[in-house]
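Report on one structure; see the data block that follows.
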Amino acid sequence: MKPKHVRPGLEKRALIVRLRRIKGQIEALEKMVEADTDCSDVLMQVVSARRALKSFSEEMIQSHLHECIEGAASQSEGRRELRSLLTVLKRYAI
């Protein structure tokens, strides 16, 4: 079982706020499609949602990277964490 990554309260809260904003963008997309909104307007909303999700994922990668490097420096378990990070980065890049 993988260990949990416990984030400080403010960091966790900021991530949740970002996810809720992204959720709102996706819900707005659904409403736009239901309302037969012009394609260009829908696509602009898609671009906005993609950028928000990309920004969120970059924040998570940065956090994971920092955690893995610290883990590698302090314990033998760190090698496994680094391999895990590389796997995530490979999948993210594709």
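Of the residues making up region 31-82, those that are modelled with pLDDT of 85 or more, acidic (D, E) and farther than 17 Å from L19 by Cα are E34, D36, D38, D41. Restricting attention to region 20-50, the residues being of a type in the set (S, T, N, Q) and within 22 Å of Y92 (Cβ to Cβ) number 2. Here region 22-69 is the region considered, the condition is being in a helix (DSSP H, G or I) and acidic (D, E), and the residue that is farthest from L86 (Cα to Cα) is E34.
In region 33-62, which residue that is over 26 Å from K12 (Cβ atoms) and within 24 Å of the chain's Cα centre (by Cα) is surrounded by the most Cβ atoms within 10 Å (Cβ to Cβ)? Only one residue tops the list, namely Q45. Applying a threshold of 8 Å to beta carbon distances and a minimum spacing of six or more residues, or different chains, the list of pairs starting in region 15-39 at a residue that is under 15 Å from R51 (Cβ atoms) and ending at one that is among the charged types (D, E, K, R) and not in a loop (DSSP other than H, G, I, E, B) reads R18/E59.
The values are calculated or read from the model by the stated rules, or taken from the named source; none is laboratory data. All of these numbers come straight from a predicted model, not from anything done at the bench. Heads up, the Cβs are rebuilt from the backbone with ideal geometry, glycines too, and the neighbour counts pull from every protein chain shown.
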